[in-house]
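The values are calculated or read from the model by the stated rules, or taken from the named source; none is laboratory data. Note that the structure is a prediction, hence the values are computed from the model and not measured. For neighbour counting, all protein chains shown are included, and Cβ atoms are generated from backbone atoms with ideal geometry for every residue, glycine included.
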Amino acid sequence: MEPGDMRRTIGSVLGVVGVLLLGLAAVTAGVLPLGGAEPWSEVRLAPATAAPPVLEVVDVAWEPERPVQGTLFEVRLTGLPEGTEDLAGEFAGEPLHFREWGDGERVAVAAAPIEAEGELELQLTLPTSAGMVERRTIPIEIVPGDYRMERLTVAPRYAGGDRPPELRERIAAEAARARAVSAASHDTPRMWEPPFVAPRESTITSGFGHGRIFNEEVQSRHMGTDFRGAVGAPILAPAHGIVALVDSFYLGGNVIYIDHGAGLVTGYLHLSAQEVAEGDRVEPGQVIGRVGSTGRVTGPHLHWIVRYGGVTVDGMSLLELYGS
Ligand SMILES: [Zn+2]
């Protein structure tokens, strides 16, 4: 199916209404407000120019058309005037970072949280001609992912139920440090460029999102992708980025987190060796570390994390969007 088949052209209808309202505003020599009509509203920022203002018809599309819980998807805008700046957007509480793509098209990555149900709002601020700003709120339906439950038996000290408070604090502090890398990534310029490289070419032994039951008691989600690997097998950086965190965590063992910029972060857990240091710049295909069995594991493997801001997603959805 062509991408164009999936487009949802809402712009044309809004554009017509917008022109009508702009006409009204011009007649009344007017300033705002034209009411808080949803799902969009108009705000006049500058006095009318000689020519009557024309509201561009901006087409908003996303792909896949029905994003799945726990995956990345793309938002595409067409019809913006050349040289448009101050374009802004937000989805699931995370800012969007639009980049120019081909013929004036703007593309941003967005993330559907795994717990999302029903519709989430895509919020856009679109600069138009004549000093206008158009704000749009567009509902996007998130469809359920195909996530299974599996039962695991692990050593009791890893099950979590009887952890002493100091240990729980350590685990929480380590998780917070990893989360801080993701939050800060929104302020890092985008360093990544397709295609992304898989961190390993090996078999996936446990996919993202599955529920896990430990010792019949503790239930959790598997918020990463497990790749098979013997201790010492190489792990590759998937794209350009800056190494943001290298440490040894209780659950994750030896970890590396890479900030690829524009909100995108990848993480690597249970390593036997870390071959980069914080602050290092990495490039696609570079060996950053080695598979191991440190931290909470039942055997050697790579646990791969992909996050867009605070939203952890299936890394395979990144490779589906931007893999080679
Ligand atoms: Zn894992």
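A few notes on this one:
- Region 205-240 - residue that is part of a strand (DSSP E or B), more than 25 Å from Leu264 (Cβ to Cβ) and away from the ligand (no atom under 11 Å from the Cβ) and, of those, modelled with the highest pLDDT: Gly211
- Scan of region 241-253 for residues that are part of a strand (DSSP E or B) and more than 14 Å from the ligand (Cβ to nearest atom), ordered by number: Gly241, Ile242, Val243, Ala244, Leu245, Val246, Asp247, Ser248
- From the options Val297, Val291, Val311, residue that is farther than 16 Å from Ile235 by Cα and within 14 Å of the ligand (Cβ to nearest atom): Val297
- Test: residue in region 258-266 that is within 16 Å of the ligand (Cβ to nearest atom), under 17 Å from Thr71 (Cα atoms) and assigned to a helix (DSSP H, G or I): no
- Top-ranked residue in region 278-324 [being part of a strand (DSSP E or B) and aromatic (Phe, Trp, Tyr); ranked as farthest from the chain's Cα centre (by Cα)]: Trp304
- Residues within region 289-324 that are farther than 19 Å from Ala184 by Cα, among the charged types (D, E, K, R) and in contact with a helix residue (DSSP H, G or I) (Cβ under 6 Å, 6 or more places away or on another chain), tallied: 1
- Of all residues in region 212-242, those satisfying the criterion of being more than 18 Å from Arg200 (Cβ to Cβ), within 19 Å of the chain's Cα centre (by Cα) and without any contact (Cβ under 8 Å) to a residue 60 or more places away in the chain are His240, Ile242.
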